[in-house]
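The values are calculated or read from the model by the stated rules, or taken from the named source; none is laboratory data. This structure is a prediction, so every number in the text was calculated from the model and none was measured. Positions of Cβ are generated from backbone atoms using ideal geometry, with glycine treated the same way; all protein chains shown enter the neighbour counts. Only protein heavy atoms, including side chains, enter the accessible area calculation; ligands, DNA and RNA are left aside. Shrake-Rupley method; radii C 1.70, N 1.55, O 1.52, S 1.80 Å.
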Amino acid sequence: MKIDDLFNILHNSLEYKNNGKKISLKDMANSFGVSMRTYQDWKLGRAKPQAASIVMKMLGQLDDDEIIRTVRKINKLEEA
């Protein structure tokens, strides 16, 4: 699994959720609290945050319903 593939898939999924409107690298980076350069490096595969790969592998071991429940729990932590 290549990290840049993960970030591209997720970026495209978020754009799809945004009614197909493009989301700039800067806006995406700001929404996650990282610099545009850092996000760009992740998206291009020049930098590989190891945690992202591990998280995706862990999620990949769950069933679809379990993934949804897990992500909802994570989102609730963000809201707190």
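Taking residues in region 57-77 that are open to solvent by 80 Å² or more (accessible area, probe 1.4 Å), and partners anywhere that are assigned to a loop (DSSP other than H, G, I, E, B), the pairs with Cβ atoms closer than 8 Å and at least 6 places apart or on different chains are 57/1.
Any residue that is touching a helix residue (DSSP H, G or I) at 6+ places or on another chain (Cβ under 6 Å) and of a type in the set (A, V, I, L, M) - is there at least one of those in region 65-76? Yes, because at least one residue in region 65-76 is touching a helix residue (DSSP H, G or I) at 6+ places or on another chain (Cβ under 6 Å) and of a type in the set (A, V, I, L, M). Remark: pairs (first residue in region 27-54, at negative phi; second residue of a type in the set (Ser, Thr, Tyr); Cβ separation under 8 Å; 6+ apart in sequence or on different chains) = 28/39; 29/35; 29/38; 29/39; 32/39; 47/38.
Among the residues making up region 30-47, those that are under 13 Å from the mean Cα position of the chain (by Cα) and either within 25 Å of residue 67 (Cβ to Cβ) or surrounded by fewer than 12 Cβ atoms within 10 Å (Cβ to Cβ) (or both) are 31, 32, 33, 34, 39, 42, 43. Taking only pairs six or more apart or across chains, which ones have beta-carbon atoms under 9 Å, a first residue in region 3-22 that is within 16 Å of residue 55 (Cβ to Cβ) and of a type in the set (Ser, Thr, Tyr), and a second residue that is open to solvent by 70 Å² or more (accessible area, probe 1.4 Å) and modelled with pLDDT under 85? Note: no pairs meet the criteria.
Scanning region 43-80 for residues that are in a helix (DSSP H, G or I) and in contact with an Asp or Glu (Cβ under 7 Å, 6 or more places away or on another chain) gives 43, 44. For region 1-29, filtered to residues that are assigned to a helix (DSSP H, G or I) and open to solvent by 100 Å² or more (accessible area, probe 1.4 Å), the residue that is farthest from residue 71 (Cα to Cα) is 26.
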